[in-house]
Amino acid sequence: MIDSPVKIIETADAAQAHVRERAAKSVLVPTMGALHRGHLELIRVAREHAGKDGEVAVSIFVNPLQFEPGSDFGKYPRPEPMDEKFCADAGVNLLFRPRELYFDDRSVYVEETRLSAGLCGAARPGHFRGVCTVVAKLFNLLAPDAAVFGEKDYQQLAIIRRMVRDLNFLIEIIGVLTVREEDGLALSSRNQYLDAEERAAAPMLYQAMLRAKEMAAGGENSVSKLIDAAKNVIALAKGARIDYISIVDAENLQPLEKLRPNALIALAVFIGKTRLIDNLRLT
Ligand code: PAF
């Protein structure tokens, strides 16, 4: 037998364990800016995971690849000085704010093909390809040990977990519970598009999901009845137009017919011109 100095690794797990060598732990919070209390919670969780001597990195990049033609890319809020102060006040160590991330003649994208098929993926073709591509680039550029994402974008979180699993990124993905206003509206940078009347109507999204949850707790297990009940609540919200309301398995995002453990209600609703999304575990 040859006495070789070469270390031989024969499993993906062992390869990843070998690569994990860095003095300070680094935890990334990828964002598109317009930072709010929801992001503050992501940063808090990032610090918890990085430790006091670790690095908390925030990226801000309004990613053109994840906006469909005619959507709000141009008007997406970009309050740079406020975001910078927000990061400083929150104790962020690194702010990565690239002006551009793409080559003009780019020809490689990252696409998840299963979990992206329904929910927002059906309504926004190409959106998750844009998300995966930019997140993969951020992961490669910043090589974090972990990255934090909000559960408000539940499908995005599930897809990123899948991308990390399938492409063997050496990065732990941490999901953080949705932060809500007192009236239940999930925090989102897009809430600032709402005028006063729309803002008053917006908590109906949460009410609709709570209604379904209450019925589920009361023993109703017909998904179509639960969805109808949620739709009836949304109908009370002035100016609301349902994009989709679905009840899916929280693991594989497949639509359910009968309620079962691990069910999640997810919805997208236009309030005026603003498309809001939210989700809630039903069981
Ligand atoms: O959730 C977001 O803000 C964006 O989709 C993300 C993950 C930063 C990618 O651009």
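The values are calculated or read from the model by the stated rules, or taken from the named source; none is laboratory data. This structure is a prediction, so every number in the text was calculated from the model and none was measured. Cβ sites come from the backbone with ideal geometry, for glycine too, and all protein chains shown count toward neighbours. All accessible areas refer to the heavy atoms of the entire protein, side chains included, with ligands and DNA or RNA removed. Shrake-Rupley method; radii C 1.70, N 1.55, O 1.52, S 1.80 Å.
The table for this structure:
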{"item": "Pair list, Cβ < 7 Å and 6+ apart or interchain, from region 38-62 residues that are at positive phi to residues that are open to solvent by 20 Å² or more (accessible area, probe 1.4 Å)", "result": "Gly51/Lys25"}
{"item": "Which numbered condition Phe169 fails, given (1) in a helix (DSSP H, G or I); (2) open to solvent by 20 Å² or more (accessible area, probe 1.4 Å); (3) within 16 Å of the ligand (Cβ to nearest atom)", "result": "(1)"}
{"item": "Residue within region 268-276 that is in contact with a Cys (Cβ under 8 Å, 6 or more places away or on another chain), closer than 19 Å to Glu181 by Cβ and hydrophobic (A, V, I, L, M, F, W, C) present", "result": "yes"}
{"item": "Selection within region 97-112 - open to solvent by 70 Å² or more (accessible area, probe 1.4 Å) and under 17 Å from the mean Cα position of the chain (by Cα)", "result": "Glu111"}
{"item": "Options Val134, Val108, Val164; residue that is modelled with pLDDT of 95 or more and farther than 30 Å from Ile247 by Cα", "result": "Val108"}
